[in-house]
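The next block holds one structure in the form of structure tokens; read it before the comments.
The values are calculated or read from the model by the stated rules, or taken from the named source; none is laboratory data. Quick caveat: nothing in here was measured; it's all calculated off a predicted structure. Cβ coordinates were reconstructed from backbone atoms using ideal geometry, including for glycine residues, and neighbour counts include every protein chain displayed.
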Amino acid sequence: MSEQIKAVSLISGGMDSALATALIQDQDIKVISLIFITGFDAAETRPFIFNPEVDPQELPLKSRKAADRINSEYRILDIRNDFWRLIKNPPNGYGSGYNPCMDCRIFMLKKAKEVMKELGASFIITGEVLDQRPFTQNMQSLRRIDKLAGVKGLVLRPLSARLFDQTIAERKDWVDRNKLLAIHGRRRTVQHKLASRYGLLHITSAGGGGCLCIDPYFGKKAADLFLNTDKEGLDKDDFEWLKFGRHFRLSPQAKLVVGRDWVESDHIERLSRKTTAKLLSPRDNQESKAALQGNTSEQDVQTALAILTGYLRPQREQHPIWLIENGKKELYWTNARSKEDFIDFMI
Ligand code: SF4
């Protein structure tokens, strides 16, 4: 008896990659789903902020739920140590914001090829749909991505396969091309019909929709960081700060990050200890801590304290706030100000 053909599938937690995987499983191919942890998915980021030491294998991932739903085995691949470098310096440039989508896809496909070989699988599946996204899913970009990732002919995109050249899986008759689809563009009528057939209607349309890199506020914060620092000197922690909080630019050298709740404030305290940032910790309120970063003047400190008072509850005339730097604490009694007074500092 011949051995069952295996494939690996890049699964995002969105509907398209789940459908693409299910379509190939229906052709008697054993598919192992690959779940990438970038550290920049909005839903995943929260548990990491809560506890940076959390094991990615333990996270309640939407992609794992999607894999379970289609009865696919999965592998979790933690790429957090590589992903921030792609945002810092994507060789193929950014998308419409600070999203390194082209290089992200190349990186993930390279990894998928490694895992494919390791598992004795024969090809790679993705849920991409031709022309669904302007930057990475047009014919030219997809060909370029496959070429740069070294996976030409290996990547089967079942939802649009009949619009592409035949891949190895089709040429070798591992999969029947006639059972693959020719979806094109952003309309989702066919996907919804299929999702209904597979019981996947509850899954959101696009898994990538949770990526912080395409969030406009993240883009603003990244633009501000790149404008005011030597980009080459940035490290992983500089990108960690971009994932949360309200950001204020006080001067080219000084930036303030204010926590929006106790989870973010806890993370601000942790990151401040790890970096050179000064911690602003209200004596009577643990929910709104802030970090003052950079080479700051006394004026920057005063402005940062004043901004922070706008977020402290209950309102008072003066707020006692600890300024903590290198373990040294100083208490500042700061007159309360309104948030609106500092709107121009907001990034
Ligand atoms: S949206 Fe995020 S995860 Fe998706 S390809 Fe772009 S950078 Fe990668």
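Go through (1) under 16 Å from ASP16 (Cα atoms); (2) out of contact with any Gly (no Cβ under 8 Å at 6 or more places or on another chain); (3) assigned to a loop (DSSP other than H, G, I, E, B) one by one and return the number of the condition THR204 breaks.
Here THR204 meets the rest and fails (2).
If I filter segment 1-46 down to residues being among the acidic types (Asp, Glu) and at negative phi, which single residue comes out as surrounded by the most Cβ atoms within 10 Å (Cβ to Cβ)?
ASP16
Take TRP241 and tell me if it is more than 16 Å from the ligand (Cβ to nearest atom) and closer than 18 Å to THR275 by Cα.
Answer is yes for this residue.
Look at segment 120-137 and say how many of its residues are within 14 Å of the ligand (Cβ to nearest atom) and either modelled with pLDDT of 95 or more or of a type in the set (Lys, Arg) (or both).
Residues in segment 120-137 being within 14 Å of the ligand (Cβ to nearest atom) and either modelled with pLDDT of 95 or more or of a type in the set (Lys, Arg) (or both): 5 in total.
Can you name the residue in segment 40-72 that is part of a loop (DSSP other than H, G, I, E, B), under 23 Å from ARG270 (Cβ atoms) and touching a residue at least 60 places away in the same chain (Cβ under 8 Å) and is also farthest from the ligand (Cβ to nearest atom) among such residues?
Only one residue fits best here, namely PRO52.
Would you mind finding the one in GLY210, GLY259, GLY219 that is within 16 Å of the ligand (Cβ to nearest atom) and either within 20 Å of PHE48 (Cβ to Cβ) or free of Cβ contacts under 8 Å to residues at least 12 places away in the same chain (or both)?
Checking each option against the conditions leaves just GLY210.
Restricting to segment 86-119, what's the tally of residues that are touching a residue at least 12 places away in the same chain (Cβ under 8 Å), in a loop (DSSP other than H, G, I, E, B), within 12 Å of the ligand (Cβ to nearest atom) and surrounded by fewer than 22 Cβ atoms within 10 Å (Cβ to Cβ)?
5
Among the listed residues ALA223, ALA195, which satisfies the condition of being buried (at least 20 other Cβ atoms within 10 Å of the Cβ) and assigned to a helix (DSSP H, G or I)?
Answer to the check: ALA195.
Tell me which strands (runs of 3 or more DSSP E) are completely within segment 284-341 and hold 1 or more residues being under 17 Å from GLY245 (Cβ atoms), or say none if there are none.
In segment 284-341, 290-294, 318-325 are the strands (runs of 3 or more DSSP E) which contain 1 or more residues that are under 17 Å from GLY245 (Cβ atoms).
Quick one: count up the residues across segment 250-274 that are farther than 17 Å from GLN286 by Cβ and surrounded by fewer than 19 Cβ atoms within 10 Å (Cβ to Cβ).
4
ARG187 is checked against (1) without any contact (Cβ under 8 Å) to a residue 24 or more places away in the chain; (2) away from the ligand (no atom under 16 Å from the Cβ); (3) assigned to a helix (DSSP H, G or I) and fails just one. What number does that condition carry?
Evaluating ARG187 over (1) without any contact (Cβ under 8 Å) to a residue 24 or more places away in the chain; (2) away from the ligand (no atom under 16 Å from the Cβ); (3) assigned to a helix (DSSP H, G or I) leaves (3) as the failure.
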